[in-house]
Amino acid sequence: MAIENNIKETALIFEGGGMRASYTAGFLNNLLENGLYFDYVAGISAGSSHSVNYLSRDTQRAKRSFVDLVLDPQFGGWHSFLMGEGFFRSKYIYEDTPYPEAALPFDMQTFMENPARLRIGAFDRDSGEMKYYTKADIRNIEDLAKIVRSSSSMPIFMPPTFYDDHYYVDGGLGGGIPLDIAKKDGLKKFFVILTRPKGYRKSPVKYQGAIKRIYRRYPLVAEAMLNRHIAYNQTLDELETLEQEGKAFLVYPQTMPVTNREVNYSKLEESYRLGYEQGKREVPEWKEYLFG
């Protein structure tokens, strides 16, 4: 049976946020469990994992990616950080786990058969530009794994990802919420899953001198890190305006009990539970906006 999507001409957008995605995985699973299938999905950083898990329609993997995987001894930590593999061992997390007998099997067939459009954003370390990958760029699971890893390579805490003759770092450096590409693709309505509570605005980064030193060979990365709060806050302002105009529905976590680098399983499990229960309560509002 062909896979069909029932929400047309509205973009589903997943914000990044590292392990805060444990909470929004609960939102994602409520979308899937209620048959809310968008035909356009865009994600950055942790939101790229959400995007591909959503398109593969795998509720178990959506949760396990940001909760259960921290129990895997190969997940990471300070030892792997000091070895140059990252606090989160990105090669293992993204490239080694999606195979059938590995830790996080990925349903590549369902993903590829899903006709929805996909956009995953990554930041080119050397050009300072955002690269948005599409389904057309994905020939196999190796491509998919590299693209999601490229989008998710958190500065300082993960090494950059080399793919397609370029080095990429976290797509969050371009702002963190891929509204720009959805607008460029002609979408006029937006359903946005955010990882910060309502009213949040990002402050300028601390330790600016240290960042400039760490990325002295890659000044465009340092510049993006130092200016990220400006682009991020401008996007939130625009989303709030769109919401007032009825052109966007913003799903905020009511609370956020974890940081982007949380690795405590119990805290992540609780974070997911809170997100799932909030999503369950709010599904009627979502449906009213999407179908009403």
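The values are calculated or read from the model by the stated rules, or taken from the named source; none is laboratory data. In this text the structure is predicted, and so the values were computed from the model without any measurement. A quick note on method: Cβ atoms are made from the backbone with ideal geometry, for glycine too, and the neighbour counts reach across all protein chains shown. Heads up: the accessible areas ignore ligands, DNA and RNA and are worked out on the full protein's heavy atoms, side chains in. Shrake-Rupley method; radii C 1.70, N 1.55, O 1.52, S 1.80 Å.
Of the residues in the stretch 207-241, how many are surrounded by 14 or more Cβ atoms within 10 Å (Cβ to Cβ) and either touching a Ser or Thr at 6+ places or on another chain (Cβ under 8 Å) or not charged (D, E, K, R) (or both)?
18
Name the residue that is farthest from Tyr94 (Cα to Cα), counting only residues in the stretch 128-159 that are surrounded by fewer than 20 Cβ atoms within 10 Å (Cβ to Cβ) and free of Cβ contacts under 8 Å to residues at least 40 places away in the same chain.
Filtering the stretch 128-159 for residues that are surrounded by fewer than 20 Cβ atoms within 10 Å (Cβ to Cβ) and free of Cβ contacts under 8 Å to residues at least 40 places away in the same chain, the one farthest from Tyr94 (Cα to Cα) comes out as Glu129.
Give me the residue from the stretch 86-103 that is outside any loop (DSSP other than H, G, I, E, B) and open to solvent by 30 Å² or more (accessible area, probe 1.4 Å) and, out of that set, nearest to Arg61 (Cα to Cα).
Per the stated criteria, the residue is Tyr94.
Starting from the stretch 217-242, keep only residues that are under 21 Å from Ile13 (Cα atoms) and of a type in the set (A, V, I, L, M), then list their pairs with residues that are open to solvent by less than 50 Å² (accessible area, probe 1.4 Å) and not in a helix (DSSP H, G or I) whose Cβ atoms are within a distance under 7 Å, requiring at least 6 positions of separation or different chains.
Listed pairs, sorted by first residue: Ala231/Gly175; Leu239/Val192; Leu239/Ala248; Leu239/Leu250; Leu242/Phe190; Leu242/Ala248.
Of all residues being part of a helix (DSSP H, G or I) and charged (D, E, K, R) in the stretch 231-249, which is nearest to Leu179 (Cα to Cα)? Just the residue, please.
Glu238
Of (1) in a loop (DSSP other than H, G, I, E, B); (2) under 17 Å from the mean Cα position of the chain (by Cα), Met1 satisfies all except one. Which?
Checking Met1 against (1) in a loop (DSSP other than H, G, I, E, B); (2) under 17 Å from the mean Cα position of the chain (by Cα), the one that fails is (2).
Please enumerate the residues belonging to the stretch 104-127 that are surrounded by 15 or more Cβ atoms within 10 Å (Cβ to Cβ) and small (Gly, Ala, Ser).
Ala116, Gly121, Ala122, listed by residue number.
Residue by residue through the stretch 242-264, note down the ones that are over 20 Å from Pro284 (Cβ atoms) and surrounded by 14 or more Cβ atoms within 10 Å (Cβ to Cβ).
Leu242, Lys247, Met256, Pro257, Val258, Asn260, Glu262, Val263 - these are the residues of the stretch 242-264 that are over 20 Å from Pro284 (Cβ atoms) and surrounded by 14 or more Cβ atoms within 10 Å (Cβ to Cβ).
Enumerate the helices (runs of 4 or more DSSP H) found wholly within the stretch 34-82, keeping only those where 2 or more residues are under 18 Å from Glu113 (Cβ atoms) and not acidic (Asp, Glu).
Where helices (runs of 4 or more DSSP H) fall fully within the stretch 34-82 and carry at least 2 residues being under 18 Å from Glu113 (Cβ atoms) and not acidic (Asp, Glu), they are 46-55, 59-64.
Conditions tested, residue by residue: (1) under 17 Å from Leu239 (Cβ atoms); (2) touching a Leu at 6+ places or on another chain (Cβ under 9 Å); (3) of a type outside the set (A, V, I, L, M, F, W, C); (4) at pLDDT 95 or above.
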{"site": "Asn5", "(1), (2), (3), (4)": "no, no, yes, yes"}
{"site": "Thr10", "(1), (2), (3), (4)": "yes, yes, yes, yes"}
{"site": "Gly16", "(1), (2), (3), (4)": "yes, no, yes, yes"}
{"site": "Asn30", "(1), (2), (3), (4)": "no, yes, yes, yes"}
{"site": "Glu33", "(1), (2), (3), (4)": "no, no, yes, yes"}
{"site": "Val52", "(1), (2), (3), (4)": "no, yes, no, yes"}
{"site": "Arg57", "(1), (2), (3), (4)": "no, yes, yes, yes"}
{"site": "Arg61", "(1), (2), (3), (4)": "no, yes, yes, yes"}
{"site": "Val67", "(1), (2), (3), (4)": "no, yes, no, yes"}
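With the checklist (1) open to solvent by 10 Å² or more (accessible area, probe 1.4 Å); (2) under 16 Å from the mean Cα position of the chain (by Cα); (3) under 30 Å from Glu282 (Cβ atoms) in hand, flag the one item Pro197 doesn't pass.
(2)
Please indicate, with yes or no, whether at least one residue in the stretch 173-180 is acidic (Asp, Glu) and more than 24 Å from Lys247 (Cβ to Cβ).
No: zero hits.
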